[in-house]
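First up is the structure itself, then whatever we jot down about it.
The values are calculated or read from the model by the stated rules, or taken from the named source; none is laboratory data. Note that the structure is predicted; figures quoted are calculated from it, not measured. Cβ coordinates were reconstructed from backbone atoms using ideal geometry, including for glycine residues, and neighbour counts include every protein chain displayed. Side chains included, ligands, DNA and RNA excluded: accessible areas come from the protein's heavy atoms. Shrake-Rupley method; radii C 1.70, N 1.55, O 1.52, S 1.80 Å.
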Amino acid sequence: MKNINTAYSYDKQKVKYTANRQTDPAIAKLINNALGDARTVLNVGAGTGSYEPTDRIVTAVEPSEVMRAQRSTEKVPAIAAYADNLPFNDSSFDASMALLTIHHWPDIRKGLLELKRVTKDVVVIMTFAPETVGKFWLADYCPEMVMVDNARFPKIDFITSALGGKCRIVPVPIPINCADGFNEAFYARPEAFLEEQVRRSQSFWDFLPREVEDKAVSLLKADLESGKWDEQYGHMRAQSEFNGALRIIVSKKSS
């Protein structure tokens, strides 16, 4: 686990992403507020289209053929392109957004600069703050998760430095019934991690040797069956929201 290759391909994984990753209304509201009064919005690393606003003109960019194919007919078709080489003129969009995607980009800084280039006003990034991922209880069962996420996720300062302008950091409270199945979404539903399809929709598991994943799942299953998990973390089952590592970064260009 010392040398972690952070490259990831949804085309290779063949993930049925839409089965467990949906738009969460509470998070969508925060993103919509961050977009302000933007009329035209670019979504880079758009995936299956979660969080794309329905009351604005959206352009989507997604390099994965598998992910593009999983977009519903209600979504605009996504353009096959990469974040670090966007096929648009300068200031083509009022706002742009990149949501839970920048950690997959081969050149994160170049991609952020491209977002800045094609955007007139506001760039919205949703990501995880790597220095806080270890606070989630799953780290007790899979400490390797922290190593992987620290290698993959850029620090918030790196992002704000690349974007420039006036940046605002918004911590994102995760609701107990969060519909978007990233790992912290199941803070109160630990049994979900025992399901293979849930884990496959969370990319960090695919960076681990299978034996490491199996060990973590076995430990969690044993603690759930014995009641040990509930002794330590059972209070979270009734906790209405969880403040973890999820952040929204709003960069507004200086006028």
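Only a single criterion out of (1) at pLDDT below 95; (2) under 20 Å from Thr160 (Cβ atoms) is not satisfied by Leu42, namely (1).
Could you look through region 45-66, keep only residues that are at pLDDT below 95 and not in a loop (DSSP other than H, G, I, E, B), and pick out the one that is nearest to Phe88 (Cα to Cα)? Only one residue tops the list, namely Glu65.
The set of residues in region 184-236 being open to solvent by 30 Å² or more (accessible area, probe 1.4 Å) and either under 21 Å from Gln22 (Cβ atoms) or small (Gly, Ala, Ser) (or both) consists of Arg189, Glu191, Leu194, Glu195, Glu196, Gln197, Arg200, Asp206, Ser218, Ala222, Ser226. For region 102-136, a tally of residues being part of a loop (DSSP other than H, G, I, E, B) and open to solvent by less than 10 Å² (accessible area, probe 1.4 Å) returns 2. Screening Lys116 with (1) without any contact (Cβ under 8 Å) to a residue 60 or more places away in the chain; (2) within 24 Å of Asn33 (Cα to Cα); (3) charged (D, E, K, R); (4) in contact with a helix residue (DSSP H, G or I) (Cβ under 9 Å, 6 or more places away or on another chain) gives one miss only, at (1). Within region 150-186, the set of residues being among the charged types (D, E, K, R) and touching a His at 6+ places or on another chain (Cβ under 8 Å) comprises Arg152 only.
Just one residue in the set Ala151, Ala95, Ala139 is crowded, with 23+ Cβ neighbours inside 10 Å and either of a type in the set (Gly, Ala, Ser) or outside any loop (DSSP other than H, G, I, E, B) (or both); that residue is Ala95. Return yes or no: is Ser161 within 15 Å of the chain's Cα centre (by Cα), open to solvent by 10 Å² or more (accessible area, probe 1.4 Å) and of a type outside the set (A, V, I, L, M, F, W, C)? The answer is no for Ser161. Pairs are defined by a Cβ separation below 6 Å, a sequence spacing of at least 6 or placement on different chains, a first member in region 204-230 that is at pLDDT 95 or above, and a second member that is open to solvent by 30 Å² or more (accessible area, probe 1.4 Å) and among the hydrophobic types (A, V, I, L, M, F, W, C); the pairs so defined are Lys221/Leu194.
Would you mind stating whether Pro171 is within 25 Å of Ala95 (Cβ to Cβ), in contact with a helix residue (DSSP H, G or I) (Cβ under 7 Å, 6 or more places away or on another chain) and in contact (Cβ under 8 Å) with a residue 12 or more places away in the chain? Against the criterion (within 25 Å of Ala95 (Cβ to Cβ), in contact with a helix residue (DSSP H, G or I) (Cβ under 7 Å, 6 or more places away or on another chain) and in contact (Cβ under 8 Å) with a residue 12 or more places away in the chain), Pro171 does not qualify.
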